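The values are calculated or read from the model by the stated rules, or taken from the named source; none is laboratory data. Here the structure is a predicted model, which means the values were calculated and not measured. All Cβ positions, even for glycine, are placed from backbone atoms using ideal geometry, and neighbour counts span all protein chains on display. We work out accessible area using only protein heavy atoms, side chains counted, and drop any ligands, DNA or RNA first. Shrake-Rupley method; radii C 1.70, N 1.55, O 1.52, S 1.80 Å.
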Amino acid sequence: GNTITGNSYLQTYADDQSDKEHLGTSSTSATAMSILTVMIGAGVLILPQQFNKLGMPLGCLLLAVSCWCSAYLCYTMNEAIGRVQERTGSFVHTIDDLAFACFGIPGKRVAQFILRAFVVGKVACYIVLIGRNLEYLVCPPQYKEWVMLSSGLFLLAAFVKSARLLENISVIGAICSGVYALPVIAGSLQAHFDPDIAPPLDMLRFGGSYGFAIPPEQLLPSFGLFLFGFGPTEVMATARRNMADQSGMPAAITASHAITGLFYLLVGTLGAWGFGDTVLGNVTESMQSRHGKWFTGYCLALAVAMNLFVSIPICLYCFFAALTRGRNLSTAVDALLRVGVIAFCSFIGVFLPYFMQVL
């Protein structure tokens, strides 16, 4: 997992709704921070388990390759946007516009379908992760019950149409993303020196929990998880459009990927070193022993839940703004659409077979 936050991303959708062109004002450093915030999200929770499975050398290599691939895709998209703007003389607002310029109406339709499906799947993942972390904080109720309870709040969030309000609360998500590393590092140290949990000294084996014979079927999912942990391509067009100097986008891409890569490397290696073979897919759930749950676990679960409670309304705002753009929907149809999307996301998270295994 990734969060969709940042003023430039929200403001673009607000501007698109009024169909007004304007020159951007974001600096290169501000754009880098926006992309950074988009990339660092709840997906960090699975990194310790992945590094434990793969081993340190292969985990570091796969992370580096994923970082390079993501940056290369962003560089390529940035160059494509620049060429389209030079040829057409108008701004590229979204990926839809880029797909239309490159591939026509069919390309635009495909891009719209993929992005809409991607956001729905992401919101479903976020809702389930909220349930898991709230279950850690307070249990009972169980995570499925927490999912249903939190979905009620998101029914209200789906009707938020103020970009300014979401911009103001997005700072909460950014702060929570930034502090993820602290409880993970503290929890890893606590686990490593806990006599009930501490793995033997050879935990630093470089072959991972699979040994040196890594199953090929494990590499592709791990690569996909690492690549998803970067992947800000869905906001590249909007972030670039809001830059005062769009020639600074390559520098923003480089800085954001370098910082995110180092952040993931720190969390993944220390988490694998600390928890060893006891680490779970959600590292928060590993932060407990026979004496009970740890303070670091409570801190991490709270940070994740707060981050996602902010991220989901922003995702929904952007999703509905794009979905309803140019359509004159009645109030009843608009309300039914918003309620239906939330219900569908919750249904996927709770009832879809093997959804938790995929997550």
**Prompt:** Using the Cβ atoms and a cut-off under 15 Å, what net charge is assigned to the surroundings of Ala335, where Lys and Arg are +1 and Asp and Glu are -1?
**Reply:** +2
**Request:** Please state the charge dipole magnitude for the stretch 268-359, taken about the Cα centre, from unit charges on C-beta atoms (+1 on K and R, -1 on D and E), reported in debye and rounded to the nearest 20.
**Result:** 200 debye
**Request:** Give the Rg (one decimal place) followed by the Dmax (whole number) of the stretch 218-312, computed from C-alpha coordinates and expressed in Å.
**Result:** 17.3, 56
**Prompt:** What list of ³J(HN,Hα) values in whole Hz, one per residue of the stretch 292-309 in order, does the Karplus curve 6.51 cos²θ - 1.76 cosθ + 1.60 (θ = phi - 60°) give from phi, with Gly and Pro shown as x?
**Reply:** x, 7, 9, 4, 4, x, 4, 5, 5, 4, 5, 5, 5, 4, 5, 4, 6, 5
**Request:** Could you check how much of the accessible area of the stretch 235-350 is carbon and sulfur, as a whole percent, using a 1.4 Å probe?
**Result:** 69 percent
**Request:** Between beta-carbons, use under 11 Å as the cut-off and find the net charge around Phe275, counting Lys and Arg +1, Asp and Glu -1.
**Result:** -3
**Request:** Could you grab the relative contact order for the stretch 88-188? Cα pairs under 8 Å, six or more apart, rounded to a whole percent.
**Result:** 13 percent
**Prompt:** Which trypsin sites (Lys or Arg not before Pro) does the stretch 224-292 hold that lie in a coil by DSSP with at most 11 other beta carbons within 10 Å?
**Reply:** Arg290
**Request:** Apply the Kirkwood formula to the stretch 93-154: the hydrodynamic radius equals the inverse of the mean of 1/r over all pairs of different alpha-carbon atoms; give it in Å with one decimal.
**Result:** 13.5 Å
**Complete:** Counting only protein heavy atoms and rolling a 1.4 Å probe, one gets per residue an accessible area for the stretch 284-340 in Å² of 45 Å²
**Cα gyration tensor category, rounded, prolate or oblate, for the stretch 52-135 with a/c compared to 1.5** = oblate
**Asked** With the Cα gyration tensor of the stretch 305-353 giving a ≥ b ≥ c as the square roots of its eigenvalues, does the rule (a/c under 1.5 for rounded; else a/b larger than b/c for prolate; else oblate) give rounded, prolate or oblate?
**Response** oblate
